[in-house]
Amino acid sequence: MDTIYGFLERISYQNEETQFTVAKLKEKGKQDLTTIVGSLAGVSPGESLKLTGRWVYSKKFGEQFQVEKYESVVPATVNGIEKYLGSGLIKGIGPVMARRIVRVFGLDTIDVIENNPGELARVEGIGPKRIATIAGAWAEQKEIKEIMVFLQGHGVSAGYSAKIFKKYGRASIETVRNNPYRLAADIHGIGFVTADRIARNLGFDPSSVMRAGEGVIYALNEFMNGGHVYCPYGLLVEKASQLLKVDREVVAEAVAGLFADGRIVLEDLNRPGEDPRPNHKAVYLPPFYTAETGLARGLLSLKEGPSCLRPVDAEKTAARAEGKLGIRLAGKQKEAVALALENKVLVITGGPGTGKTTIIRAILEIYQALGLRVLLAAPTGRAAKRMQEAAGHEARTIHRLLEFSYQAGGFQRNREYPLEADAVIVDEASMIDTILMYHLVKAIPEHATLILVGDVNQLPSVGPGSVLKDIIESGRFRVVTLTEIFRQAVESRIVSNAHRIIRGEFPDLSPPRDGGPEDFYFIEEEDPEKAVNKILALCTERIPRHFGFHPVDGIQVLTPMHRGEAGVANLNSRLQEALNPGGDGVSRGYRTFKVKDKVMQVVNNYEKDVYNGDIGRITFIDREEQEVRVEFDGREVSYDFPELDELAPAYAVSIHKSQGSEYPAVIIPVLTQHYVLLQRNLIYTGITRGKRLVVLVGSKKALAIAIRNNKPQERHTRLRERLVTQQGAGILEEGKI
């Protein structure tokens, strides 16, 4: 084992999941940069590092230093101090200010900041406010020094150490020593694998029931991240046993302990009158159990509750709405309008071009003519904005409709403080997950009508559940399925090909005919690298030149996968280089953020009022204050540098993340390397995101695989059964494991 010291010049690569990093280090006394490799979570260019490890030689990459342990150190030279202070570690000091400070105090700089910060007033541009900021930041760094040393000794990076201190304060070391697995639940970015490594370093027994219990919670959360609401007991025990490499008996004991502590819910799936099967149980995390059972009760109660709708002649009422709006309703549309006057809960589903928006306008007009208070909502900001423009009536996101408040601790509208409405119409209902739908239904007054509008053939919600599908399949509510494609939509090859695909037919890939719609193209390319090059040419030159779309704001690349040549990560790197070259960015792991970059929020941040899937543009980066500002739909949101892991480049996004959005132009790679994710509803969802232009780049073989694969992964959810049986839950009593 050798130890080297140096200044971190740049990060060449970092894997987001494993934190495996390739970086360049400027070693003391060496001219050439040293390549370092290893798990280096949280390091940033500009840091001075002490690295312990081994020298290795690669035929492909040459000599490298393989890092086993590392820590950030205070430099001992004037140049090192300047780089250290200017690296962004201390809020209020950037490269320019670091140069000024070191010019005044030289080798005494660190001592001045730590013991006599008032002297910083001698530096040009530093006033009392900035002195207070620097002193506070330095004091915080000093306070967490002991914690950082402790955690670094157990494999935790400096960046995560700061997050741990922010969460637990002076109790950080005690908390981590007592139960390091809490980090996985409490600290964004630290998963079970990292917490487990810390626990092993601290001497925790790998076969302990505590470890098994936390592993079960981790496995359950991973299952929920896959869209499931619960996990079958046997599958959970098997998965957790494999993950933890312990006997199933240890996992079973851990499950029993979690149930006794109220950290999970167990529900008996055996039906009355049938021979009981051992361990035939559903395992829920409590919030999902509460949401699913509460949603079922809420929907059935709303359906059977009193109505404020008075009897009217549906045919005459629809005719008046047609005259007022200057439209003609087709047969199914008239049926939907009539049912909206008779039913407390109604579902309207159909593909693109089938007139869902027209129905919303007609029902809205009729309800308002009857004097009803109507609220319009959608799951995302973009969907709500589109709904408002189409309906000519205010539409809000469901979060805003329910008055979510981070400070007040959640949704303010609920059963005790319901929405002031006689009818609630929700668009893009296929996107709504179990928890959000539960909160929505809970806030709708019992006399009100709920109308859900959406395309059930699209991908299900990103969050757990398949709410719209379950509601339809329960047979408990009236459903109108729109199939007729209207004339204007028939003229769009996007619409016609989307309907072909959902029927299991191959789309029309022939070049557009003279005088025909130029809105759907297929560019054949089987080689992934060449396909990426063609996508770059489409974004930067061909589409902007031929169609006039803005290369960043008007074109969205949607891809089935995150990894691989045509995956999200590589496409974003290549597109950023092509569409926003140059400039001085801020690095977070392998990602670099620059002014004008297109970015996506990747987690819900209720405090900032931005949500998973929101897309914006970076407008401002301040290295001195360690601040990045992003504009989302005309509203600017501020991020501190440590919060940048909530953002991801969005020149290319996954098709799943595009749900509820529409883009002027969409480019979709469809390649056989995406084989495991190629499904009919995935391609259908991607194509229907394009408003005026869709371009597929890939192979006909891959497209055929996707269209034939009409068996998307079934989600574990019991909403349909609860609605069918009108029963609550067969929750197990304590001890009946």
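Please go through segment 453-488 and pick out each residue that is open to solvent by less than 20 Å² (accessible area, probe 1.4 Å), charged (D, E, K, R) and closer than 17 Å to Leu295 by Cβ.
Asp470
Search segment 385-399 for residues being free of Cβ contacts under 8 Å to residues at least 24 places away in the same chain and part of a helix (DSSP H, G or I), and hand back the single one that is least open to solvent (accessible area, probe 1.4 Å).
Going through the qualifying residues, I end up with Gln388.
So Val250 clears everything in (1) among the β-branched types (Val, Ile, Thr); (2) touching a strand residue (DSSP E or B) at 6+ places or on another chain (Cβ under 6 Å); (3) outside any strand (DSSP E or B) except one condition, right? Which one?
With (1) among the β-branched types (Val, Ile, Thr); (2) touching a strand residue (DSSP E or B) at 6+ places or on another chain (Cβ under 6 Å); (3) outside any strand (DSSP E or B) applied to Val250, the lone miss is (2).
Restricting to segment 528-555, what's the tally of residues that are touching a helix residue (DSSP H, G or I) at 6+ places or on another chain (Cβ under 7 Å) and among the polar types (S, T, N, Q)?
So the count comes out to 1.
Considering only segment 533-549, I want to know if a residue exists there that is over 25 Å from Val595 (Cα atoms) and within 26 Å of the chain's Cα centre (by Cα). If you could, list the steps in order and put the result at the bottom.
So the first thing to find is which residues in segment 533-549 are over 25 Å from Val595 (Cα atoms), and the list is 534, 546-547.
Pick out the ones that are also within 26 Å of the chain's Cα centre (by Cα) and you get none.
No, segment 533-549 has no match at all.
Looking at segment 557-570, is at least one residue open to solvent by less than 30 Å² (accessible area, probe 1.4 Å), at pLDDT 95 or above and under 19 Å from Val653 (Cβ atoms)? Full working, then the answer.
Filtering segment 557-570 for residues open to solvent by less than 30 Å² (accessible area, probe 1.4 Å) gives 557-560, 566-568.
Subsequent filtering for residues that are at pLDDT 95 or above retains 557-558.
Narrowing further to those that are under 19 Å from Val653 (Cβ atoms): 557-558.
Yes: one or more hits.
What do you reckon, is Thr349 surrounded by 21 or more Cβ atoms within 10 Å (Cβ to Cβ) and over 22 Å from Ala423 (Cα atoms)?
On the way: surrounded by 21 or more Cβ atoms within 10 Å (Cβ to Cβ): yes; over 22 Å from Ala423 (Cα atoms): no.
Here the answer is no, as Thr349 does not meet what is asked.
Please work out which residue is modelled with the lowest pLDDT, limiting yourself to segment 516-534 and to residues that are open to solvent by 90 Å² or more (accessible area, probe 1.4 Å) and in a loop (DSSP other than H, G, I, E, B).
So in segment 516-534, the residues open to solvent by 90 Å² or more (accessible area, probe 1.4 Å) come out as 518, 524, 526, 529-530.
Checking which are in a loop (DSSP other than H, G, I, E, B) leaves us with 518, 526.
Numbers: Glu518: 85, Glu526: 90.
Going through the qualifying residues, I end up with Glu518.
Please enumerate the residues belonging to segment 380-391 that are at pLDDT below 90 and not small (Gly, Ala, Ser).
If the condition is that a residue be at pLDDT below 90 and not small (Gly, Ala, Ser), then Thr380, Arg382, Lys385, Arg386 are the ones that fit.
For segment 400-507, give me every one of the helices (runs of 4 or more DSSP H) that falls completely inside it and has 1 or more residues that are over 23 Å from Ser658 (Cα atoms) and touching a strand residue (DSSP E or B) at 6+ places or on another chain (Cβ under 8 Å).
Details: elements: 434-443, 467-474, 487-490, 493-502.
In segment 400-507, the matching helices (runs of 4 or more DSSP H) lie at 434-443, 467-474.
Ile190 fails exactly one of the following numbered conditions: (1) among the hydrophobic types (A, V, I, L, M, F, W, C); (2) open to solvent by less than 60 Å² (accessible area, probe 1.4 Å); (3) free of Cβ contacts under 8 Å to residues at least 24 places away in the same chain; (4) within 27 Å of Lys166 (Cα to Cα). What is the number of that condition?
(3)
Take the residues of segment 363-383 that are closer than 18 Å to Arg310 by Cβ and open to solvent by less than 20 Å² (accessible area, probe 1.4 Å): which is farthest from the chain's Cα centre (by Cα)?
Filtering first and then ranking leaves Ile366.
In segment 352-362, what residues are farther than 21 Å from Ala498 by Cβ and either surrounded by 22 or more Cβ atoms within 10 Å (Cβ to Cβ) or among the hydrophobic types (A, V, I, L, M, F, W, C) (or both)?
Going through segment 352-362, the residues farther than 21 Å from Ala498 by Cβ turn out to be 361-362.
Matches in segment 352-362: Ala362 only.
Can you tell me how many residues in segment 270-321 are in a loop (DSSP other than H, G, I, E, B) and either open to solvent by less than 30 Å² (accessible area, probe 1.4 Å) or modelled with pLDDT of 95 or more (or both)? Break it down into steps so the answer makes sense when it comes.
Residues of segment 270-321 that are in a loop (DSSP other than H, G, I, E, B), as a first pass: 270-280, 285, 305-313.
Next cut, either open to solvent by less than 30 Å² (accessible area, probe 1.4 Å) or modelled with pLDDT of 95 or more (or both) only: 285, 305, 309.
Final tally of qualifying residues: 3.
Any residue at all in segment 532-548 that's within 19 Å of Leu682 (Cβ to Cβ) and among the hydrophobic types (A, V, I, L, M, F, W, C)?
To start, the set of residues in segment 532-548 that are within 19 Å of Leu682 (Cβ to Cβ) comprises 535.
Narrowing the set further to residues that are among the hydrophobic types (A, V, I, L, M, F, W, C) leaves 535.
Within segment 532-548 (the criterion being within 19 Å of Leu682 (Cβ to Cβ) and among the hydrophobic types (A, V, I, L, M, F, W, C)), the answer is yes, since at least one residue qualifies.
For segment 31-48: of the residues being modelled with pLDDT of 85 or more and either of a type in the set (Asp, Glu) or under 17 Å from Asn79 (Cβ atoms) (or both), which is most open to solvent (accessible area, probe 1.4 Å)? Steps first, answer last, please.
Our first condition is that a residue be modelled with pLDDT of 85 or more; within segment 31-48, this holds for 32-37.
Filter once more, keeping what is either of a type in the set (Asp, Glu) or under 17 Å from Asn79 (Cβ atoms) (or both): 32-33.
Numbers: Asp32: 119, Leu33: 65 Å².
Applying the filter and picking the extreme gives Asp32.
Is at least one residue of segment 467-480 closer than 30 Å to Lys334 by Cα, out of contact with any helix residue (DSSP H, G or I) (no Cβ under 8 Å at 6 or more places or on another chain) and of a type in the set (Val, Ile, Thr)?
Scanning segment 467-480, I find at least one residue that is closer than 30 Å to Lys334 by Cα, out of contact with any helix residue (DSSP H, G or I) (no Cβ under 8 Å at 6 or more places or on another chain) and of a type in the set (Val, Ile, Thr), so the answer is yes.
Is it the case that some residue within segment 684-693 is under 17 Å from the mean Cα position of the chain (by Cα), open to solvent by 30 Å² or more (accessible area, probe 1.4 Å) and not β-branched (Val, Ile, Thr)?
no
Report yes if some residue within segment 201-213 is on the phi > 0 side of the Ramachandran plot and under 24 Å from the mean Cα position of the chain (by Cα); otherwise report no. Quick ask: steps written out before the conclusion?
Residues of segment 201-213 that are on the phi > 0 side of the Ramachandran plot, as a first pass: 203.
Checking which are under 24 Å from the mean Cα position of the chain (by Cα) leaves us with none.
Among the residues of segment 201-213, not one is on the phi > 0 side of the Ramachandran plot and under 24 Å from the mean Cα position of the chain (by Cα), which makes the answer no.
The values are calculated or read from the model by the stated rules, or taken from the named source; none is laboratory data. Owing to the predicted nature of the structure, the values given are computational and were not obtained by experimental measurement. Reconstructed Cβ throughout: ideal geometry from the backbone, glycine too, with neighbour counts over all protein chains shown. Ligands, DNA and RNA are excluded from the accessible area calculation, which covers all protein heavy atoms including side chains. Shrake-Rupley method; radii C 1.70, N 1.55, O 1.52, S 1.80 Å.
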